[in-house]
1. Of all the residues that make up the range 58-111, how many are among the aliphatic types (A, V, I, L, M), open to solvent by less than 80 Å² (accessible area, probe 1.4 Å) and at pLDDT 85 or above?
2. Taking the stated definitions as given, is residue 55 modelled with pLDDT of 75 or more, assigned to a helix (DSSP H, G or I), over 30 Å from residue 90 (Cα atoms) and of a type in the set (Asp, Glu)?
Amino acid sequence: MGDILDEVTAFVRCRDCPWYKNCLTPVVIGNEDIRQFRIVMQGGDLPEQATNELDRLTESMASLSQEMILQSCPVFTQRLKGDARLAGWIKELMKSWGDSGEYNERPGQEP
């Protein structure tokens, strides 16, 4: 009975979630975020050369993070943490992305 209640609760949370049907999004670091970081770092009273180097490093990190980091909704995160098979299926799906043009059904489901 607990499994059914957990599924219903997750479904309701998912439907009410502001992330609904957008469970994953790339991290977006905007100019405002970079500006705030610079303000915080300027409090350290760094020399001009170090400030310029820090600016280049900050812009590089922002660019890299947008390529590598995703934000996820709490329901999606909970489901991935709670179901190793689901995480494995997503991993295998990503490995074969574009190979055949079709995707295998989720493990344990009939086609």
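1. Qualifying residue count, the range 58-111: 5.
2. So residue 55 passes the test.
The values are calculated or read from the model by the stated rules, or taken from the named source; none is laboratory data. Keep in mind the model is a prediction, meaning the values are calculated, not measured. Note: accessible area is taken over every heavy atom of the protein model, side chains too, but ligands, DNA and RNA are not part of it. Shrake-Rupley method; radii C 1.70, N 1.55, O 1.52, S 1.80 Å.
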